[in-house]
Each structure stands twice: as C-alpha cells, then as structure tokens.
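Everything below concerns the one structure shown next.
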Amino acid sequence: ATRNFDGLVITVPHKIAVMALVDEICDGARRIGAANAVRKTADGRLVADNFDGKGCVRALADAGKSVAGRSVLIVGAGGAGRAVAHAMADEAPARLRLFDLDAARRDEVLASLRAAHPRLALEAGPADPAGFDVAVNCTPLGMRPDDPLPLDPTRLSPSALVVDVILKPATSPLVAAAQARGCWTQAGLRMLEGQVEAVCDFFGIGAPR
C-alpha cells in the first residue's frame with residue numbers, strides 16, 4: 001500500500017521472523033531459513049533473500065583468505081549464523097562446529113547443513129576456539145558495553161582467522177582481543193561491504209562506487 005516503498009534490508013533480530021511475512025522466498029533464503037533483504041515487485045508482492053553469508057565469504061576472499069580445508073567454529077545460529085554457516089559450508093571446510101545456547105535452533109541449522117552437505121564433518125559443541133583455524137561470532141554479543149565475549153580469546157591460536165559480524169562498535173571487543181593475540185581479523189563492516197553488489201542487484205539498482 002505504500003507507493004514509495006521498494007524494499008528494505010533486515011537486521012538482527014528480525015531475519016528469521018520476516019520469512020513469515022513475505023510472498024516469495026528465494027532459494028538461498030529458503031535453504032538458510034532467514035532473510036536479510038526484501039524487495040517489492042511491480043505487482044506489490046514481497047520477495048526475500050539472504051546475502052549475509054555470501055558477503056562474509058566474499059570479504060574473506062577479497063582479503064586473500066579462504067576456509068577451504070580448514071576447521072571452522074561458528075558461534076550463534078540465528079539469522080546471521082545460519083547464513084554464514086551455509087556459506088562457509090559451501091567452501092568445503094575440513095569440519096564445522098556450530099554453537100548456540102538454543103539447542104533446538106542449533107540442531108535445526110545442523111540438519112539443514114547436513115542435507116546440503118552430507119559429506120561435511122559437522123558437529124555441535126562448545127564455543128571453545130581451541131584447535132580451530134577460523135572462529136566466527138554470529139551473535140549480537142559485543143554491541144553493548146556490558147556484554148560478555150562470545151568466546152574466550154585466550155583459547156585462540158595466534159594463527160586463527162577471527163570474524164565478527166556485528167557492525168557497532170566498528171572494532172568489536174572480540175576483534176580487539178583477537179588482534180591482541182596476533183590473529184588476523186575481519187570486522188562486521190567487511191561482511192556488509194562484501195554483499196553490497198549482490199544486494200544492489202537484488203533491488204535492481206547500481207552498486208555505489
């Protein structure tokens with residue numbers, strides 16, 4: 001009914017809930033179970049898709065980093081965690097562990113990952129980064145000053161890649177702690193930048209240059 005509404009980008013904590021409010025779900029969002037972009041078609045229908053995971057992996061690739069053949073820990077199985085888990089699983093890591101305080105939500109995502117990647121070593125386990133090559137925070141922890149860290153940075157190997165998806169603060173407490181350990185880090189803004197072109201294509205507009 002709003003004539004000047006063409007679409008919107010969805011952020012935490014609405015990426016899963018929005019799926020029930022649209023007319024069409026693209027294959028990527030359906031597989032993930034969450035959406036971060038909705039566009040309105042010429043006939044007024046709402047179409048949803050998800051670009052978070054693609055943006056995260058694209059940003060890593062642009063920095064010359066890859067998760068292929070590496071062990072990956074993902075903390076958080078909400079909207080962003082689902083997208084990042086699927087995108088990283090697509091890159092053929094050696095194994096992937098998923099942690100979430102909500103065991104049912106975690107198991108739902110693991111089931112969808114197993115269906116898409118039956119040969120991938122998938123596991124549920126604690127948010128302990130020891131022994132992992134890549135650690136990703138897909139929770140909102142770090143957005144508020146009194147938040148605990150999503151994982152113990154003293155358990156990180158200095159050679160680990162550490163990724164955080166939160167946008168504010170620009171340098172999250174986890175990223176700062178990982179950098180102090182000597183880890184290579186990717187802040188949330190990089191994931192956002194990595195999906196700009198795909199999101200603009202989805203909306204039918206040119207990406208900013």
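The values are calculated or read from the model by the stated rules, or taken from the named source; none is laboratory data. As the structure is a computational prediction, the values presented were derived from the model and not from experiment. Note that each Cβ is placed from the backbone with ideal geometry, even for glycine, and that neighbours are counted across all protein chains shown. These area figures cover heavy atoms from the full protein model, side chains too; ligands, DNA and RNA do not enter into them. Shrake-Rupley method; radii C 1.70, N 1.55, O 1.52, S 1.80 Å.
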Go through (1) modelled with pLDDT under 95; (2) surrounded by 14 or more Cβ atoms within 10 Å (Cβ to Cβ); (3) of a type outside the set (A, V, I, L, M, F, W, C) one by one and return the number of the condition P145 breaks. (2)
Hey, A130 among the small types (G, A, S) and in a loop (DSSP other than H, G, I, E, B) or not: yes
Quick check, is A68 exposed (fewer than 15 other Cβ atoms within 10 Å of the Cβ), out of contact with any strand residue (DSSP E or B) (no Cβ under 9 Å at 6 or more places or on another chain) and not hydroxyl-bearing (S, T, Y)? yes
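If I filter region 166-176 for residues that are within 18 Å of I32 (Cβ to Cβ) and under 18 Å from the mean Cα position of the chain (by Cα), do I get at least one hit? Working first, answer last.
Quick first cut of region 166-176, residues within 18 Å of I32 (Cβ to Cβ) only: none.
So far as region 166-176 goes, no, none of its residues is within 18 Å of I32 (Cβ to Cβ) and under 18 Å from the mean Cα position of the chain (by Cα).
Condition first: charged (D, E, K, R), over 23 Å from V84 (Cβ atoms) and in a strand (DSSP E or B). Now tell me which residues in region 20-48 satisfy that.
E24, K40
Conditions tested, residue by residue: (1) without any contact (Cβ under 8 Å) to a residue 24 or more places away in the chain; (2) of a type outside the set (S, T, Y); (3) in contact with a His (Cβ under 7 Å, 6 or more places away or on another chain).
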residue	(1), (2), (3)
L8	no, yes, no
T11	no, no, no
A20	yes, yes, no
N36	no, yes, no
R45	yes, yes, no
A83	no, yes, no
Picking from R95, R119, R82, the residue that is over 21 Å from D152 (Cβ atoms) and open to solvent by 40 Å² or more (accessible area, probe 1.4 Å) would be R119
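This table checks each residue for (1) in contact (Cβ under 8 Å) with a residue 12 or more places away in the chain; (2) touching a Gly at 6+ places or on another chain (Cβ under 8 Å); (3) basic (K, R).
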| residue | (1), (2), (3) |
| --- | --- |
| L98 | yes, yes, no |
| L101 | no, no, no |
| D107 | yes, no, no |
| A127 | yes, no, no |
| I166 | yes, yes, no |
| A176 | no, no, no |
| L189 | yes, no, no |
| L192 | yes, yes, no |
| C200 | no, yes, no |
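Does A42 fit the bill of being within 30 Å of P148 (Cβ to Cβ), over 15 Å from the mean Cα position of the chain (by Cα) and open to solvent by 30 Å² or more (accessible area, probe 1.4 Å)? Explain how you work it out, then say what you get.
Values: within 30 Å of P148 (Cβ to Cβ): no; over 15 Å from the mean Cα position of the chain (by Cα): yes; open to solvent by 30 Å² or more (accessible area, probe 1.4 Å): yes.
Criteria not met by A42.
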Looking at region 77-94, can you tell me whether even one residue there is touching a Ser or Thr at 6+ places or on another chain (Cβ under 7 Å), aliphatic (A, V, I, L, M), within 15 Å of T139 (Cα to Cα) and not in a loop (DSSP other than H, G, I, E, B)? no
By residue number, the members of region 158-209 that are part of a helix (DSSP H, G or I), open to solvent by less than 20 Å² (accessible area, probe 1.4 Å) and among the small types (G, A, S) are A178, G188, G194
K54 being part of a loop (DSSP other than H, G, I, E, B), touching a residue at least 40 places away in the same chain (Cβ under 8 Å) and open to solvent by 30 Å² or more (accessible area, probe 1.4 Å): no
